[in-house]
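The values are calculated or read from the model by the stated rules, or taken from the named source; none is laboratory data. It should be emphasised that the depicted structure is a prediction, and the values quoted were computed from it without experimental measurement. All Cβ positions, even for glycine, are placed from backbone atoms using ideal geometry, and neighbour counts span all protein chains on display. Side chains included, ligands, DNA and RNA excluded: accessible areas come from the protein's heavy atoms. Shrake-Rupley method; radii C 1.70, N 1.55, O 1.52, S 1.80 Å.
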Amino acid sequence: MTVPPPHVTLVAAEPELGPALAAVYRRDREFLRPFEPTRSDAFFTDGGQADRLSRLAADERAGTGLPRLISVDGAIEGFIAASSIVRGSFNSANVGYFVGTAVSGRGVCTAALSLLIDEAFERHGLHRLQAGTLVDNVASQRVLTKNGFGEIGLEPRYLQIDGAYRDHILFQLLSDDERPYSGPSNVSGPAT
């Protein structure tokens, strides 16, 4: 039996979605540990995520962030954002994302990133998106390259991940770069 691909939607970051996002973080806390900064226990609570989403929504209103929750078949299953948006001659942002183990390996991150790229370039007029992955995070590197990101190079001790500064491979995508992946027909843009 063939399993149909999931329907992927990006949802605006709103505090009332904090409990749904917190549930994903709690469920996959150990899985995510090697890929993320060290998190306080409060981060994994409903209130902690509601507060975080409130701050991220304020960043979006200020024009410095583009946070989205990843909905898969109607359920919150991850998070993606263009953050640290800098306008002017730089006109760029950093991209980060995760999906829970319940949907990983099904093309969800690839589809979600495609949607975020569309929004960042077409609706918000950004010129450049940058992303970094741990050197051994081949799955995330695949997500980026499928969406047209090219490797920039190695950044030693780039981010503090799981308690230590770790090397990352940096990638970038420019607004006029060719994008080989345009997303499956079962994805839709941000629900606001």
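In whole percent, and with a 1.4 Å probe on the protein chains, what portion of the accessible area of segment 118-176 is carbon and sulfur? Write down the numbers at each step before the final one.
Details: 1390 of 3130 Å².
Accessible surface attributable to carbon and sulfur in segment 118-176 totals 45 percent.
Rounded, prolate or oblate, given the Cα gyration tensor of segment 70-155, with a/c below 1.5 counting as rounded? Mind dumping the intermediate values first?
On the way: a/c = 2.16, a/b = 1.31, b/c = 1.65.
Taking the square roots of the gyration eigenvalues as a ≥ b ≥ c, segment 70-155 is oblate.
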Restricting to Cα pairs under 8 Å and 6 or more apart, the percent relative contact order of the chain works out to 24 percent
Protection proxy (average C-beta count within 10 Å per residue), highest first, orders 14-21, 30-37 as 14-21, 30-37
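Taking the solvent-accessible surface of protein heavy atoms with a 1.4 Å probe, what is the per residue accessible area of the chain in Å²?
Values: 9500 Å² over 192 residues.
Here the per-residue accessible area is 49 Å².
Beta carbons within 10 angstrom, averaged per residue: use that to sort the peptides 104-111, 154-161, 123-130, highest first.
Working: 104-111: 19.9, 154-161: 13.2, 123-130: 16.5.
The peptides rank, most packed first, as 104-111, 123-130, 154-161.
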Distance in Å, no decimals, from the C-alpha centre of segment 142-158 to the one of segment 35-92 is 21 Å
Two pseudo-spin positions, 7 Å from Cα along C-beta at residue 130 and at residue 151, lie apart in nanometres by 1.8 nm
